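Undergrad: Sending over a structure as structure tokens; questions will come in a sec.
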Amino acid sequence: MSLIVVPEHSRAELAAWSEHARRDLAASTTLAFLRDCEQAMANLLAFARAGPFRCSVSWGKDSTCLAHLTWSLGEEHGFRVPLDWVRIEPTPNPWCHLVRDAFLERWPMDYHEVEVRWDQGQDFPWGCREAVRRTGMSRYATGVRAAESAPRKKLMRASGPVRENTCSPMGWWPASSVWAYLAAHDLPIHPAYAMSYGGRLDRDRIRVDSIGGETGRGFGRAEWEQRYAT
């Protein structure tokens with residue numbers, strides 16, 4: 001599966017991605033990566049043994065890895081974990097559903113989707129509460145990683161990847177391990193990560209949140225949306 005190719009990709013971007021994919025596959029054979037995978041599964045297993053939980057995804061690179069890890073948890077240890085996606089309307093990311101459909105076709109799971117309507121006064125916390133109601137589980141796992149921001153690094157240092165009600169099994173993974181995991185398991189990769197101004201933009205900086213709004217408009221995101229997602 002790997003990268004999902006869409007018309008918005010240029011030839012230069014697909015050529016740049018081919019080089020990324022070659023390096024990612026090579027990285028998936030390293031001892032450091034294999035240790036990261038073992039630790040992530042150990043984190044999930046410890047969390048599962050403490051009680052039922054759900055897996056919260058966005059269909060970006062981290063949560064796609066998380067979805068596969070939780071599917072593997074079921075295959076290897078018998079813990080069946082439901083997935084939920086809190087989808088923001090009326091401005092969702094236009095390609096997330098492609099990743100969702102490709103993943104669930106090959107790795108079927110108990111899946112729940114919650115639609116949040118900003119234009120009707122709903123917000124993301126409302127969507128999270130609805131996900132809890134539908135699955136009956138308040139404990140959850142996420143794809144949060146310390147490398148993504150200073151507050152997340154502070155959280156990992158203070159509490160670790162496995163907490164009472166939340167688990168970040170890939171909490172200490174570098175981005176290189178995320179890309180290597182996607183390559184190793186031939187997981188669907190969100191098209192946005194190759195939309196890089198012809199290969200010039202660092203793919204680690206690209207986000208797959210909903211389009212528009214005031215949140216997350218810095219670091220060139222507004223310009224990126226204008227170029228690719230208008």
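The values are calculated or read from the model by the stated rules, or taken from the named source; none is laboratory data. All figures in this text were calculated on a predicted structure; none of them were measured in a lab. Here the Cβ is made from the backbone with ideal geometry for all residues, glycine too, and neighbour counts use every protein chain on show. We work out accessible area using only protein heavy atoms, side chains counted, and drop any ligands, DNA or RNA first. Shrake-Rupley method; radii C 1.70, N 1.55, O 1.52, S 1.80 Å.
Undergrad: For the stretch 105-195, build the charge dipole from Cβ charges (+1 Lys, Arg; -1 Asp, Glu) around the Cα centre, then report which of V144, A183, Y111 sits farthest towards its positive end.
TA: Towards the positive end, the residue furthest out is V144.
Undergrad: Taking the Cα centre of the chain as origin, sum charge times position over the Cβ atoms of Lys and Arg (+1) and Asp and Glu (-1), and report the length of that vector in debye to the nearest 20.
TA: Approximately 620 debye in magnitude.
Undergrad: Could you list the residues of the stretch 8-27 with an amide nitrogen less than 20 Å from a label point located 7 Å from the Cα of T230 in the Cα-to-C-beta direction?
TA: From the stretch 8-27, the list is 8-11.
Undergrad: Under the 0.36 nm per residue contour assumption, what length would be gained going from the current alpha-carbon distance of E223 and E148 to full extension?
TA: Full-extension gain reported as 24.9 nm.
Undergrad: Another question, if that's okay. When the accessible area of the chain is split by element with a 1.4 Å probe, what percent falls to carbon and sulfur? List each step's numbers first, then the result.
TA: On the way: 6000 of 11410 Å².
The C+S portion of the solvent-accessible surface of the chain is 53 percent.
Undergrad: What Rg and what Dmax come out for the stretch 106-230 when only alpha-carbon atoms are used, in angstroms?
TA: For the stretch 106-230, the Cα-based Rg and Dmax read 16.7, 45 Å.
Undergrad: Quote the convex hull volume per residue of the chain, based on C-alpha atoms, as a whole number of Å³.
TA: Spelled out: Cα convex hull of the chain, divided by residues, is 123 Å³.
Undergrad: At a 10 angstrom cut-off on C-beta neighbours, averaged per residue, how do the peptides 201-208, 188-195 rank from highest to lowest?
TA: Descending packing order for the listed peptides: 188-195, 201-208.
Undergrad: Same structure again: For a Förster distance of 45 Å, can you work out the FRET efficiency between the beta-carbons of E164 and E89, rounded to the nearest 0.05?
TA: It comes to 0.90.
Undergrad: P52: net charge of surrounding residues, Cβ under 11 Å, Lys/Arg +1, Asp/Glu -1, itself excluded? Can you show the working numbers first?
TA: On the way: positive: R49, R54, R80, R139; negative: none.
Local net charge: +4.
Undergrad: Solvent-accessible area of Y111, probe 1.4 Å, all protein chains present, reported in Å² to the nearest ten, please.
TA: Counting only protein heavy atoms, the figure is 50 Å².
Undergrad: Now a separate question. Could you work out the helix-only [θ] at 222 nm for the chain, with each DSSP H run of four or more residues adding -39,500 (n - 2.57) and the total divided by the number of residues, to the nearest 500 deg cm²/dmol?
TA: Details: 8 runs with 104 residues, N = 230.
It lands at -14500 deg cm²/dmol.
Undergrad: Give, as a single signed number, the net charge of other residues whose beta carbon lies under 12 Å from the beta carbon of G143, with Lys and Arg counted +1 and Asp and Glu -1.
TA: Details: positive: K61, R145, R152; negative: D62, E148.
Summing Lys and Arg as +1 and Asp and Glu as -1 gives +1.
Undergrad: A follow-up question, please. Please give the FRET efficiency for E8 paired with F124, using the beta carbon to beta carbon distance and R0 = 25 Å, rounded to the nearest 0.05.
TA: Values: r = 26 Å, r/R0 = 1.05.
Here the calculated transfer efficiency is 0.45.
Undergrad: Between H77 and D204, what FRET efficiency follows from the Cβ-Cβ distance if R0 is 41 Å, with the result rounded to 0.05?
TA: Between H77 and D204 the formula returns 0.85.
Undergrad: Take the alpha-carbon centre of the stretch 116-163, take the same for the stretch 6-28, and report the distance between them in whole Å.
TA: Result: 30 Å between the Cα centres.
Undergrad: Expressed in nm to one decimal, what extension gain is obtained for the pair R49 and R117 from 0.36 nm per residue of sequence separation less their Cα-Cα distance?
TA: Gain on stretching R49 to R117: 21.0 nm.
Undergrad: What is the sum of charges around G198, taking Lys and Arg as +1, Asp and Glu as -1, for the other residues whose C-beta is under 10 Å from the C-beta of G198?
TA: +1
Undergrad: Per residue, how many Å² of accessible area does the stretch 1-138 show with a 1.4 Å probe?
TA: With all protein chains present, the stretch 1-138 gives 50 Å² per residue.
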